[in-house]
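Trainee: Before I ask anything, here is the structure I am working with.
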Amino acid sequence: MLRFDDLQLFVRAADLGSLSAAARVMDMSAAVASAALKRIEQQLGARLLARSTRSLRLTAEGEGFLEYARAALSNLDEGRRLLTSGQDQVSGVLQLSAPSDFGRNLLLPWLDEFQREHPKLTVRLLLGDRIADLFRQPVDIALRYGEPEDSSLVALPIAADNRRVLCAAPEYLARHGEPRQLEQLAQHNCLLFMLGSRVHDHWSFHVGKREVSLTVSGDRFSDDADVVRLWAVAGAGIAYKSWLDVAGDVLAGRLKVLMPELLCERAPLNLLCAHRAQLSKPVNLLRELLKSRCAELSGQLPTMFVAGE
């Protein structure tokens, strides 16, 4: 098979009328250049250049082959330019999985914005709170809260400092009173959701340097975290939710953060993938957008809660 650099040398030598000049342009020694020319002539079974100590000229076979060599090099350059251009464009299919609450209320509008900027991109979005099997499900990346249980996955931080907050609707607090101490949660209806395969009814907090954990109860739970948020907004009880998921409701006054001095459970948001090869240009651009948007929301945490850090 003909080598790309051998073809280049032959065309350069023909253009310059000198094998040594072609070698200098291509930053190779005269001996390497001579060996390359001998190799291509042996592969073709024809003499391409007639050489003497002072001159070089194309043979008849060389003149005939030169046109095809130029065309081959030109086609290869064009193919390389097309590949480079394709890598610069954000196109193709982006397949991702996201938690139900984060996906519906934050990710959807952000993806709309992302696709307006990159109209050649197609998005396939799976929503759910179960851990996606990235080796079996048809997704490239997954957004998930918490540290990944599978150490073989690549995990890139989106909102590493995100935490849960206790929150309830003003209507609920008006009816049942606002808890001022963690022990008072036992007197309230706590809204629960599935975390992995179990009900998340064991809530942990840091009070100063102490870690306090308690088991809570309520009259309802769901495997869809967005349902829990909707119950909270409707005044059904107290929720223990990721700040990112309830930030919009808190800022709009639909929910109120309770005991903001508490340091609540960490809920870092990570981008997960099975292989680093899946970190394509669209994935990396989306990751930067998500980090920026989540940082904006994190900066709007209630002042006392931030001070608790």
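Trainee: Any idea which of V233, V246 is under 27 Å from the mean Cα position of the chain (by Cα), in the same structural domain as G218 (by the TED database) and not hydroxyl-bearing (S, T, Y)?
Mentor: V246
Trainee: Just one of L143, L166 is under 22 Å from D101 (Cβ atoms), at pLDDT below 95 and in a strand (DSSP E or B); which is it?
Mentor: Among L143, L166, only L143 is under 22 Å from D101 (Cβ atoms), at pLDDT below 95 and in a strand (DSSP E or B).
Trainee: Which pairs do you get when a residue that is outside the structural domain of Y68 (by the TED database) and under 17 Å from L58 (Cβ atoms), found in segment 20-44, comes within reach of a residue that is open to solvent by 50 Å² or more (accessible area, probe 1.4 Å) and not aliphatic (A, V, I, L, M), reach meaning Cβ atoms under 8 angstrom, with the pair 6+ apart or on two chains?
Mentor: none
Trainee: Which strands (runs of 3 or more DSSP E) sit wholly inside segment 200-309 and have at least 2 residues that are under 28 Å from D112 (Cα atoms) and open to solvent by less than 50 Å² (accessible area, probe 1.4 Å)?
Mentor: 238-242, 269-273
Trainee: Could you please tell me which pairs satisfy a Cβ distance under 7 Å, a separation of 6+ or placement on different chains, a first residue in segment 178-196 that is more than 28 Å from E149 (Cβ to Cβ), and a second residue that is open to solvent by less than 50 Å² (accessible area, probe 1.4 Å) and assigned to a helix (DSSP H, G or I)?
Mentor: Short answer, once both residue conditions are applied: P179/L185.
Trainee: Quick one: is M1 over 23 Å from G79 (Cβ atoms), under 46 Å from the mean Cα position of the chain (by Cα) and surrounded by fewer than 17 Cβ atoms within 10 Å (Cβ to Cβ)?
Mentor: Against the criterion (over 23 Å from G79 (Cβ atoms), under 46 Å from the mean Cα position of the chain (by Cα) and surrounded by fewer than 17 Cβ atoms within 10 Å (Cβ to Cβ)), M1 does not qualify.
Trainee: Follow-up question, since we're still on this one. Collect the residues in segment 4-46 that are part of a loop (DSSP other than H, G, I, E, B) and loosely packed, with under 14 Cβ neighbours inside 10 Å, keeping them in residue-number order.
Mentor: G17, D27, S29, G45
Trainee: So, R163, is that one of a type in the set (K, R) and surrounded by fewer than 15 Cβ atoms within 10 Å (Cβ to Cβ) or not?
Mentor: no
Trainee: Filter segment 48-66 for residues that are within 18 Å of A22 (Cα to Cα), charged (D, E, K, R) and either at pLDDT 85 or above or not in a strand (DSSP E or B) (or both) and give the result.
Mentor: R54, R57, E63 - these are the residues of segment 48-66 that are within 18 Å of A22 (Cα to Cα), charged (D, E, K, R) and either at pLDDT 85 or above or not in a strand (DSSP E or B) (or both).
Trainee: Within segment 197-234, work out how many residues are hydroxyl-bearing (S, T, Y) and out of contact with any strand residue (DSSP E or B) (no Cβ under 7 Å at 6 or more places or on another chain).
Mentor: 1
Trainee: Out of (1) part of a helix (DSSP H, G or I); (2) crowded, with 18+ Cβ neighbours inside 10 Å; (3) of a type in the set (F, W, Y), the odd one out for F193 is which?
Mentor: Checking F193 against (1) part of a helix (DSSP H, G or I); (2) crowded, with 18+ Cβ neighbours inside 10 Å; (3) of a type in the set (F, W, Y), the one that fails is (1).
Residues are listed down the side, and each one gets a yes or a no for (1) over 14 Å from the mean Cα position of the chain (by Cα); (2) in the same structural domain as L244 (by the TED database):
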position: S100; (1), (2): yes, no
position: L106; (1), (2): yes, no
position: P138; (1), (2): yes, no
position: S151; (1), (2): yes, no
position: V154; (1), (2): no, no
position: L173; (1), (2): yes, yes
position: Q181; (1), (2): yes, yes
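Trainee: Would you confirm whether or not segment 116-129 contains a residue that is free of Cβ contacts under 8 Å to residues at least 40 places away in the same chain, within 22 Å of E296 (Cβ to Cβ) and not in a strand (DSSP E or B)?
Mentor: yes
The values are calculated or read from the model by the stated rules, or taken from the named source; none is laboratory data. Everything numeric in this text was worked out from a predicted model, so none of it was measured. When we count neighbours, we look across all protein chains shown, and the Cβ atoms used for this are built from the backbone with ideal geometry, even at glycine. Note: areas computed on protein heavy atoms with side chains; ligands, DNA, RNA excluded. Shrake-Rupley method; radii C 1.70, N 1.55, O 1.52, S 1.80 Å.
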